[in-house]
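Read through the structure below, which is laid out as structure tokens, and then see the notes.
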Amino acid sequence: MNALAARRRHPAAIAVLLMIGLFLTGAVYAAVAPEPADATSLALPAQSVEEGKALFRANCASCHGLNAQGRPTGNGNQIAGPPLAGVGAAAVDFQVGTGRMPMTQPGVQASRSESVKFSDEEIAAMGAYIASLAPGPAVPDAEAVDPTKGDPARGGQIFRVNCAMCHNFAGSGGALTRGKYAPSLRDVTGKHVYEAMVTGPQSMPVFNNANITPEDKRNVIAFLTTIDQEKAPGGMTLGSLGPVTEGLFAWVFGLGILVGCAVWLGSKAA
Amino acid sequence: MTEPTDRPADALREGDSAPQAPASAGARKIGGLAGWVDDRTGAAKPVGYLMKKVFPDHWSFMLGEIAMYSMIICLITGAFLTFWFVPSMGETVYDGSYVPLRGVLMSEAYSSTVHISFDIKGGLMIRQIHHWAALMFVVAIVVHMFRVFFTGAFRKPREINWVIGSVLALLAIIEGFAGYSLPDDLLSGTGIRAMAGFVQTSPVIGTYLVYGIFGGPFPGEAIIPRLYSAHVLLIPAILVGLFTAHIGLVALQKHTQFPGPGRTNDNVVGYPVMPVYAAKAGGFFFIVFGVLTLMAALVQINPVWAYGPYDPSPVTAGSQPDWYMGFADGALRLLPGFLEITAFGYTLSLNIIPGALLLLPLVYVVIGVYPFVERFVTKDEREHHLLQRPRNAPVRTGIGLAGATAYTVLMFASANDIMAIKLGMSINDLTWFFRIGFFVLPPIVFWVTKRVCLSLQRRDREQVLHGRESGTIIRTPDGRFFERHEAELPQEQWLLVQHEPVAPLEIEPETDEHGVARPAARKDRIRAALSRFYFADAVNPVTPAELAAAQHHGHETEAIDAPRHAGELESAEAAETAGRR
């Protein structure tokens, strides 16, 4: 204890205390943070249009209208939810399967969420209902999105020409106007990538099969899967966001460490 | 000594002695290998002079060293990279070990960069050291300039070195941009595309210039080899030459030192190069190299393989230049589009020209001429070898921080898209924040900085006059309270009073004694106005007379109040005593 008391006025004491405090706070938070509540879902025995319609009316109709015809807010041209006839089961699978729908609150953009509110069967039932309203893109089969059947190099070329301008070269995401954004594509399942391309959710354009052939869509999925699985060569990626984070790192850590060394060396008696 | 021989003339040399003097002065003094070298080069004298040269010690004097070492590390690692880099825009199909690029058509420059990264042992490591060292080079230059600027180290006789330093700083970022453009990946190609656009905005000659630089329309096949020559030959040669002059002038003019007891304008208090700085600075080189290597080993920089080869059609989100060009990019992001003017069939892109063509030279010209502006204002012709504390030059410190603020606003504006996604904000709002901030923040920062400096100076005065507040409240037997102030140690006091008092220049009459207008009157009016701006509300150091007066009436019982109140108290006390009597 005496040794500790002697060192309490050491110049590094505040920094050390701060680090200990932050570490403890983080550890305690990690230990006691509430687990996200599990969405208990009823597994429906059968998928059917009727069940899907019932789920839709209970969970989606407040914004999209009772018959999925869309609903205005009454405030200018703003809509609460767009009409859904013709968006297809793929759109339902993408929006609900990535946790974007139902939206927790109105906002510029629905964001991906880890807590998906419905089971696969329920999503399929809602998709069947929406698909019954008008023909639209269907959920792709497993083979169409199998990354092992695609060519990542070709996919990379397709990705850089069509996707990188919004989603960034490494799929890290990018900014759009007025708070909208192109989300990160890291750790997104191939099925959802495919569905996003054919349905064009939110600000994204539709990449139909004439734009990007189904094989090339699979190549893009192969590319994204490859860079997801690749062990970042050269160390930490700093978010794969380009030179901004590199510059920030140089100023904060590079300069910080070197100035620390200079101060240390300067304080050494000759 | 001489051997007897048969030659008759030898008899004449009978009794001659061989030359007594040693082979050379140097050989006798130092001997050995050093003597051998000195005999042939005469190096002993200058080297001995340098070894004995005394430098003052302060951590902030090592910021320039960080820049110097980063540059040397760039030269070493850069030489390694040239062994494999192919500066050509010739087309090739990649068949190296990085799978997501296999079979892709690309330039030889890009292909060889990916090859260095994945198929040369240690190649990626050296590439990353090179890039991190380049970023740190410019970072260190900026903080070194801060140190020199805010301590007034640029004053006479060091104005030339300040100008050389400014040119070095400008060259460093041009060198950096050339290097950033070489790998011909999607990001660097976008940078070159942007540069082509910037050049094109120059009125009248824009398109001719672009055709000249690119050897035809963009992109052509010439730009990478040309940038390569500039990056590995032309600019480094100028950098190293100017750097040698820079550091030679430091040795010639002596290094400035911070004020302190025993440190005057005519001496240098510190340690000699040999052995102290040879060890410290030599060791620091390895520290810098070590830290940069650690950064390169742990943190990825410029993952060219992820960007893919350049192709004029795609652009990636998050396309930014390296940080030191960020301010120019930020200016472009803030300039409103309506500034583009079309008249008589000609387009004048005023939405681009200020950020792309004018800003870069403007910033470095403003930096370069500052010492001359200040000298014009102060009319100070003396030499200065003692540094100023930033608080003792409040207006200069304010100007410097205001300039740094404007620069920082522009630099952050170039990251507006990254900030928008990471902070969940609207890019439009951020752009407006920076647009307004560019004009509003620098004056605010100037004012606040100046006020803070003046307050610190006043606190220094207080401390000298009344000692340090001890926090101990003492109650006298008759019920009065006062705070005990502890006297300053003389060496501490010295630091607070050593700087020169300043006052605005007196304006000379505009006409001479005959009523004839002086030709220089107008210049003097400007000078006087600027001098008022600089020094009108200067807080000057405590004079010996003031100190004596404070000590005279203060004794051990300084009142909490300011000096003049203390005076009233004293007179009240005197009246009280008189009344009691």
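Quick note: the coordinates plus some simple rules give every number you see, no bench work behind them. Remember, predicted model here, so these are calculated numbers, not experimental data. Quick reminder, even Gly has a Cβ in these numbers, built from the backbone with ideal geometry, and neighbours come from all protein chains shown.
Quick look at the numbers
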quantity: Selected from B:Thr151, A:Leu258, A:Cys63, residue furthest toward positive end of dipole (the protein assembly as shown; charges at beta carbon); calculated: B:Thr151
quantity: Relative contact order %, the range A:140-234, counting alpha carbon pairs below 8 Å whose residues are six or more apart; calculated: 43 percent
quantity: Rel. contact order, % - alpha carbon contacts under 8 angstrom, at least six apart, chain B; calculated: 14 percent
quantity: Translational diffusion coefficient (Stokes-Einstein; Kirkwood radius from C-alpha pairs) of the range B:305-363 at 25 °C, 0.890 mPa s, in µm²/s; calculated: 181 µm²/s
quantity: Added length on full extension, which subtracts the Cα-Cα distance from 0.36 nm per residue, B:Ala487 to B:Ile526; calculated: 9.7 nm
quantity: Rounded to 10°, Cα long-axis angle of helix A:190-199 versus longest principal axis of chain A; calculated: 60 degrees
quantity: Loop trypsin sites (Lys or Arg not before Pro), the range B:460-532, which have at most 13 other Cβ atoms in a 10 Å radius of their Cβ (DSSP); calculated: B:Arg480
quantity: Potential extension, A:Asp120-A:Asn2 segment - 0.36 nm per residue separation minus Cα distance; calculated: 36.2 nm
quantity: Within straight-line cross-link reach of A:Lys231, lysines at Cα separation under 26 Å, skipping those fewer than 8 residues along the same chain; calculated: A:Lys149, A:Lys191, A:Lys217, B:Lys121, B:Lys422
quantity: Förster radius 45 Å - calculated FRET efficiency between B:Leu456 and A:Asp146 (Cβ-Cβ, nearest 0.05); calculated: 0.10
quantity: Per-bin percent of Cα-Cα distances, chain A [5 Å]; calculated: 1, 5, 9, 12, 13, 13, 12, 9, 7, 6, 4, 4, 3, 2, 1, 0, 0, 0
quantity: Average other protein chain Cβ within 10 Å of Cβ, residues B:101-111; calculated: 2
quantity: Simple Cβ-charge dipole of the range A:203-259, Lys/Arg +1 and Asp/Glu -1, about Cα centre, in debye nearest 20; calculated: 60 debye
quantity: Average beta carbon contacts from partner chains per residue of B:55-63, 10 Å cutoff; calculated: 4
quantity: Cross-link partners of B:Lys156 among lysines (Cα-Cα below 16 Å; sequence separation of 8 or more within a chain); calculated: B:Lys254, B:Lys379
quantity: Efficiency of FRET from Cβ geometry, B:Val448 and B:Thr476, R₀ 41 Å, rounded to 0.05; calculated: 0.50
quantity: Share, in percent, of DSSP beta bridges within chain B that are antiparallel, nearest 5; calculated: 95 percent
quantity: Size descriptor, Kirkwood hydrodynamic radius, that averages inverse alpha-carbon separations across chain B, Å; calculated: 29.6 Å
quantity: For the range B:270-334 and the range B:347-401, distance of Cα centres in Å; calculated: 26 Å
quantity: Reduced Cα scattering model of the range A:140-234, Debye log10 I(q)/I(0), q = 0.15, 0.25 Å⁻¹; calculated: -0.53, -1.45
quantity: For chain A, calculated [θ]222 nm from helices alone, where every DSSP H run of n ≥ 4 adds -39500 (n - 2.57); calculated: -14000 deg cm²/dmol
quantity: The range A:48-138: radius of gyration and largest Cα-Cα distance (Dmax), Å; calculated: 12.4, 37
quantity: Simple label model, 7 Å out from Cα along Cβ direction - A:Arg186 to B:Lys52, nm; calculated: 6.1 nm
quantity: Shielding score for A:155-163, defined as the mean number of other chain Cβ atoms within 10 Å; calculated: 5
quantity: Percent RCO, i.e. relative contact order, over the range A:72-153, from Cα pairs under 8 Å lying at least 6 residues apart; calculated: 38 percent
quantity: Peptides B:441-453, A:146-158 ordered by average Cβ neighbours within 10 Å, highest first; calculated: A:146-158, B:441-453
quantity: Extent along principal axes [Cα atoms of the protein assembly as shown; Å; largest to smallest]; calculated: 121, 117, 79
quantity: Simple spin-label estimate for B:Asp512 and A:Asn67 in nanometres, 7 Å along Cα-Cβ; calculated: 10.2 nm
quantity: At least 27 Å along the helix axis (C-alpha) and Kyte average at least 1.0, DSSP helices within chain B; calculated: B:63-82, B:123-150, B:159-181, B:278-298, B:359-378, B:394-413
quantity: Ellipticity estimate at 222 nm from DSSP helix runs (n ≥ 4, -39,500 (n - 2.57)) divided over chain B, nearest 500; calculated: -18500 deg cm²/dmol
